[in-house]
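Q: The structure is given below, and queries will be raised subsequently.
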Amino acid sequence: MVKKTVSSDKRKDTRFSELEDRARSWQFFKVALHSKSFILGAALSFLIITLGVIAIFWLPHDISKLSVMNRFKAPSFVYLLGTDQYGRDIFSMLMSGARTSLIVSLFAVGIGMVIGVPLGLLAAGRRGIYDIIFMRFNDLIFAFPSVLIAILITSVYGQALINAVIAIGIFNIPVFVRVARGGALSLLGKEYLLAARLAGKGRLRITLEHVLPNIANLLIVQASIQLSMAILAEAGLSYLGLGAQPPLTSWGKMLNESQTMISFAPQLAILPGLAIVISVLGFNLMGDGLRDLLDPKLRRRVS
Amino acid sequence: MGQLYKYMLIALFMTSYLILPVKLAMANASTNSLNIGIALEPPHLDPTASAAGAIDSISYVNIYEGLTRIDEHGEVQPLLAKFWNVSKDGLTYTFHLHENVAFHDGSAMNCEAVKFSLDRARASDSVNAQKQLFKSIESVNCPGPYEVVVRLNHRSGSLLYNLGWGDAVIVSPKSANDNKSNPVGTGPFRFQKWQKGQQVTIIRNDQYWGPKPSLDKVAFKFISNPNAALAAILSGDLDAFSGFPAPEALMQLMTNDQFQVDIGTSEGETILAMNNKKGPLANLKVRQAIAHAIKRQFLIEGAMFGFGKPIGSHFAPHHPAYVDLTGLYPYDPQKAKELLKEAGYEGGFDLTLKLPPPSYARRSGELIASELSQVGINVTIIPVEWAQWLSDVFKNKDYDLTIVSHTEPMDIGIYARDDYYFNYESDAFKAVMEQLERTEETSARFELMKKAQVMIAKDCVNAFLFQLPHTTVRNAKLQGLWVNAPIQAIDLTTVQWSQ
């Protein structure tokens, strides 16, 4: 699929060269369609996303209405996966849990990107002492166990979903700082950046018009992996009772509530567990598939 | 792909942890120590200064002793008082104390200590949570070092029972002020250590005046989370759990030979308490509507997995004076809506529901919030920690609705208290309680108790939900724990490991 990459000696026209760079970055996604792990990952992610999006507008059953008479029903056409200890439809609960997971992880990864990427670009652009201080501080946050940060924040500011979002967001920041900085540094020597500077463009403009578009692929790949981590973190926090609070549903909370019933209703734990596995696997495979393609050697093999 | 495997491993680990709780209930018989779980951590360890039941669970007859005690069957037995005489007019009680009894701090237990303890508890500035227990006492005097004369201002049918409460224990004048953090009593166990948030440890008092207990060390561990409680029992970290918070797991434990499950009665009336002076809840019709919107059987099935008896007033169903008032406000959402309409709340309104940590409260709360939303009352659930519940709800009355179990025996009198957290005020009810205090004859007392039950049910002070069972899960080799809880206590004096 990918046309033969333009080697540097042929790179006479800087404008053309940048377009190639940029085109190449988007061609990954076309190439990716040939990677099995990417396709599987994308399919699983798509499944979870679809369920989560549908859950925003519609659920097969009203899960705010508890009906003890209907509890522990076996799977049927009415209740696709049966009902839980309060008579709620498990399938609806899982859909609603997917919604919670996706909203939390999207916002958390969003926080990481919105704060992390500018900081990373700043570090790459400034270099020198800023860069050193900045990155060491970044390492510090990075080294701190992420779930511990989350527990700290939620226990100080209370048990609410928003605090879980912030906590998960915070540990996404250093990841994006690194990716943005690394990506930007690799572009620093490029002629088109020099040309842009010669043309009189300011730092900000160069960053926005030339650097950012060229590292977008890296960021998207990283975001996909971070999404899976955020889903796992949200499930973990909710399992500990620090995330979603009633009446919100979450897979982690479902796991927590079903633990003592595992001897007679194991499906209550297995189903949300599977949902977590599917979504983490999905986003991870998708991200890993994309990342493999970024490796030039691998890319050649795939193309 | 390395990361992927990491996640798969984590997922696998989490799942296997859930599915295969390691069943290693280790016999602790050789060491003669006991690890027992209770749901709530006490705010401190002075039973004469707080209503929190967890204090009595740990300390009653283990650390502290009173003149009398209440046994497993709810009967009064002598303890520090060997025996007593009652004068013909019923107004003078003479208690003869055991001699050679020492407090854990070495000071002697004598009439002076008894007089000090009782005077302190009934003083006007006393912080005792159950001052009504001492209301009938006019004076306490010491004709001899081991002789206590208690004079009453009116005949009382319940003095000996009242003196058996944890709130009436005898404390040492020397150490009374430090009992909150360093409890000193005359009991068979002495306080050793309190690791906040985790456990209180007590050890055998080798100088004990009476028969020595078999156990030499007992740790009370605080676990309110059902998952953690079940895991601790299955893994053998706990030898017993008093007030087991996971009723759904009881069947699983019953079928396991390593464990014994005792389901007894408790004095715990579980209620949906309402702030009778706050907003819409000040309106009787609104409170009645809430009562009509709740189906008790759903709560008992859904939150308690069938373990619990429905109640219609603040009274234990196993008491002979119990009146079944569960039919007074039957489950009827339509009626509830009509009542709300009559009260002028047709469009519904918002309430908060503060839930303390025990699982019966958290789970019932979810069900009740759902039931109330059916009649148009929008309930926001606020989970709170126990200390926060005691200060916000119980002390400062900053709440709309809450769920809690009142585990003191015969505690219908709390509805006569000024400034109690229900914010209920009824002179008629107070008069009945006053009369009950002065009545000795059993059938007349029962009539008054019945009257009182009906009054608070009609006033719909709270929504009365169910009687909490007293569930104890224990290692099958552990013997001697109470099956029923006629008073808040975990009496360890006769608990032992069988060989």
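Q: Go through the residues of segment B:385-395 one by one and say whether even a single one is away from every other protein chain (no Cβ under 12 Å), surrounded by fewer than 19 Cβ atoms within 10 Å (Cβ to Cβ), basic (Lys, Arg) and within 17 Å of B:LYS295 (Cα to Cα).
A: no
Q: Under 7 Å by Cβ, and 6 or more places apart or on different chains, what pairs join a residue from segment A:280-293 that is under 19 Å from A:LEU232 (Cβ atoms) with one that is surrounded by fewer than 22 Cβ atoms within 10 Å (Cβ to Cβ) and among the polar types (S, T, N, Q)?
A: Correct list of pairs: A:ASN284/B:GLN3; A:LEU285/A:SER37; A:ASP288/A:SER37; A:GLY289/A:SER35; A:GLY289/A:SER37.
Q: Also, I was wondering about something else. From the list B:VAL150, B:VAL171, pick out the single residue that is in a loop (DSSP other than H, G, I, E, B), among the β-branched types (Val, Ile, Thr) and in contact (Cβ under 8 Å) with a residue 40 or more places away in the chain.
A: B:VAL171
Q: Just to confirm my filter: which helices (runs of 4 or more DSSP H) fall fully inside segment A:158-266 and include at least 3 residues that are more than 14 Å from chain B (Cβ to nearest Cβ)?
A: A:161-187, A:191-198, A:203-206, A:212-239
Q: Also, quick follow-up: Considering only residues of segment A:286-297 that are assigned to a helix (DSSP H, G or I) and out of contact with any Lys or Arg (no Cβ under 9 Å at 6 or more places or on another chain), which is modelled with the highest pLDDT? So that I can check it myself, show each step before the final result.
A: We begin by selecting, within segment A:286-297, every residue assigned to a helix (DSSP H, G or I); these are A:286-294, A:296-297.
Now restrict to residues that are out of contact with any Lys or Arg (no Cβ under 9 Å at 6 or more places or on another chain): A:286-288, A:290-291, A:294, A:296-297.
Values: A:MET286: 89, A:GLY287: 86, A:ASP288: 84, A:LEU290: 79, A:ARG291: 76, A:LEU294: 67, A:PRO296: 50, A:LYS297: 49.
Among those that are assigned to a helix (DSSP H, G or I) and out of contact with any Lys or Arg (no Cβ under 9 Å at 6 or more places or on another chain), it is A:MET286.
Q: I would also like to ask the following. Quick one: count up the residues across segment B:192-237 that are out of contact with any helix residue (DSSP H, G or I) (no Cβ under 9 Å at 6 or more places or on another chain) and within 14 Å of chain A (Cβ to nearest Cβ).
A: Within segment B:192-237, residues that are out of contact with any helix residue (DSSP H, G or I) (no Cβ under 9 Å at 6 or more places or on another chain) and within 14 Å of chain A (Cβ to nearest Cβ) number 4.
Q: Determine which single condition B:ALA369 fails, assuming it passes every other condition in (1) more than 9 Å from chain A (Cβ to nearest Cβ); (2) crowded, with 19+ Cβ neighbours inside 10 Å; (3) within 26 Å of A:ILE63 (Cα to Cα).
A: It is condition (1) that B:ALA369 fails.
So that you can scan it fast, the table gives a plain yes or no per residue for (1) crowded, with 18+ Cβ neighbours inside 10 Å; (2) closer than 30 Å to B:ILE377 by Cβ:
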position	(1), (2)
A:SER92	yes, yes
A:ILE111	yes, no
A:LEU122	yes, no
A:ILE132	no, no
A:SER155	no, no
A:GLY158	no, yes
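Q: Which of the residues belonging to segment B:454-487 are buried (at least 23 other Cβ atoms within 10 Å of the Cβ), polar (S, T, N, Q) and not in a strand (DSSP E or B)?
A: Residue satisfying the conditions is B:ASN462 alone.
Q: Given the options A:TYR86, A:TYR79, name the one that is within 14 Å of chain B (Cβ to nearest Cβ), surrounded by 17 or more Cβ atoms within 10 Å (Cβ to Cβ) and either assigned to a loop (DSSP other than H, G, I, E, B) or touching a Phe, Trp or Tyr at 6+ places or on another chain (Cβ under 8 Å) (or both).
A: A:TYR86
Q: Okay, next question. How many of the residues making up segment B:404-436 are touching a strand residue (DSSP E or B) at 6+ places or on another chain (Cβ under 9 Å) and small (Gly, Ala, Ser)?
A: Looking only at that region, the number is 1.
Q: Same structure, new question: Spot the failing condition for B:ILE381; the list is (1) among the aliphatic types (A, V, I, L, M); (2) within 14 Å of another protein chain (Cβ to nearest Cβ); (3) out of contact with any Leu (no Cβ under 9 Å at 6 or more places or on another chain), and only one is missed.
A: Status for B:ILE381: all satisfied but (3).
Q: Next up: For segment B:264-271, state whether one or more residues are more than 14 Å from chain A (Cβ to nearest Cβ), hydrophobic (A, V, I, L, M, F, W, C) and surrounded by fewer than 24 Cβ atoms within 10 Å (Cβ to Cβ).
A: yes
Q: Identify, please: which residue in segment B:116-133 is assigned to a loop (DSSP other than H, G, I, E, B) and aliphatic (A, V, I, L, M) and is, among those, farthest from B:ALA52 (Cα to Cα)?
A: B:ALA123
Q: While we're looking at this one, here's another question. Got a sec? Which strands (runs of 3 or more DSSP E) wholly within segment B:313-419 have at least 1 residues that are within 16 Å of the chain's Cα centre (by Cα)?
A: Once the strands (runs of 3 or more DSSP E) in segment B:313-419 are filtered for at least 1 residues that are within 16 Å of the chain's Cα centre (by Cα), what remains is B:401-406.
Q: Looking at B:GLY279, B:GLY302, B:GLY306, which is the one that is buried (at least 21 other Cβ atoms within 10 Å of the Cβ) and in the same structural domain as B:ARG362 (by TED's automatic domain parsing)? Spell out how you get there, then give the answer.
A: Numbers: B:GLY279 fails: buried (at least 21 other Cβ atoms within 10 Å of the Cβ); B:GLY306 fails: buried (at least 21 other Cβ atoms within 10 Å of the Cβ).
That would be B:GLY302, the only listed residue that is buried (at least 21 other Cβ atoms within 10 Å of the Cβ) and in the same structural domain as B:ARG362 (by TED's automatic domain parsing).
Q: Could you check segment B:62-98 and list, in sequence order, the residues that are among the basic types (Lys, Arg) and either touching a residue at least 12 places away in the same chain (Cβ under 8 Å) or surrounded by 14 or more Cβ atoms within 10 Å (Cβ to Cβ) (or both)?
A: Matches in segment B:62-98: B:ARG69, B:LYS82.
Q: For segment B:238-258, name all the residues that are more than 13 Å from every other protein chain (Cβ to nearest Cβ) and over 25 Å from B:LEU355 (Cβ atoms).
A: If the condition is that a residue be more than 13 Å from every other protein chain (Cβ to nearest Cβ) and over 25 Å from B:LEU355 (Cβ atoms), then B:ASP239, B:ALA240, B:ASP257, B:GLN258 are the ones that fit.
Q: Which pairs turn up if I take residues in segment A:168-190 that are among the charged types (D, E, K, R) and at pLDDT below 85 and look for partners that are part of a helix (DSSP H, G or I) and surrounded by fewer than 24 Cβ atoms within 10 Å (Cβ to Cβ) with beta carbon separation below 9 Å, at least 6 apart in sequence or on another chain?
A: A:LYS190/A:THR14; A:LYS190/A:SER17; A:LYS190/A:GLU18; A:LYS190/A:ASP21; A:LYS190/A:HIS210; A:LYS190/A:ASN214
Q: Name the single residue that is nearest to B:GLU112 (Cα to Cα) among those in segment B:55-90 being in a strand (DSSP E or B) and of a type in the set (D, E, K, R).
A: Ranking the candidates gives B:LYS82 first.
Q: Collect the residues in segment A:43-72 that are of a type outside the set (Val, Ile, Thr), within 14 Å of chain B (Cβ to nearest Cβ) and either under 24 Å from B:ILE381 (Cα atoms) or surrounded by fewer than 18 Cβ atoms within 10 Å (Cβ to Cβ) (or both), keeping them in residue-number order.
A: Once the filter is applied, which keeps residues that are of a type outside the set (Val, Ile, Thr), within 14 Å of chain B (Cβ to nearest Cβ) and either under 24 Å from B:ILE381 (Cα atoms) or surrounded by fewer than 18 Cβ atoms within 10 Å (Cβ to Cβ) (or both), segment A:43-72 yields A:HIS61, A:ASP62, A:SER64, A:LYS65, A:LEU66, A:SER67, A:MET69, A:ASN70, A:ARG71, A:PHE72.
Here's the yes/no breakdown for (1) surrounded by fewer than 24 Cβ atoms within 10 Å (Cβ to Cβ); (2) farther than 23 Å from B:PHE305 by Cα; (3) not hydroxyl-bearing (Ser, Thr, Tyr):
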{"position": "A:ALA199", "(1), (2), (3)": "yes, yes, yes"}
{"position": "A:THR207", "(1), (2), (3)": "yes, yes, no"}
{"position": "A:VAL211", "(1), (2), (3)": "yes, yes, yes"}
{"position": "A:LEU218", "(1), (2), (3)": "yes, yes, yes"}
{"position": "A:ALA233", "(1), (2), (3)": "no, yes, yes"}
{"position": "A:GLY236", "(1), (2), (3)": "yes, yes, yes"}
{"position": "A:ALA244", "(1), (2), (3)": "no, yes, yes"}
{"position": "A:MET254", "(1), (2), (3)": "no, no, yes"}
{"position": "A:LEU268", "(1), (2), (3)": "no, no, yes"}
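Q: Here's another thing I want to ask about it. Could you grab me the full set of residues in segment B:169-184 that are under 21 Å from the mean Cα position of the chain (by Cα) and either within 13 Å of B:LEU45 (Cα to Cα) or in the same structural domain as B:ASP216 (by TED's automatic domain parsing) (or both)? Don't jump to the end; show me each part of the working.
A: Step one: list which residues in segment B:169-184 are under 21 Å from the mean Cα position of the chain (by Cα), which gives B:169-170, B:179-181, B:183.
Within segment B:169-184, B:VAL169, B:ASN179, B:LYS180, B:SER181, B:PRO183 qualify.
The values are calculated or read from the model by the stated rules, or taken from the named source; none is laboratory data. Nothing here was measured: the structure is a model prediction, and the numbers come from that model. Don't worry about glycine lacking a Cβ; one is built from the backbone with ideal geometry, like all the others, and counts go over all protein chains shown.
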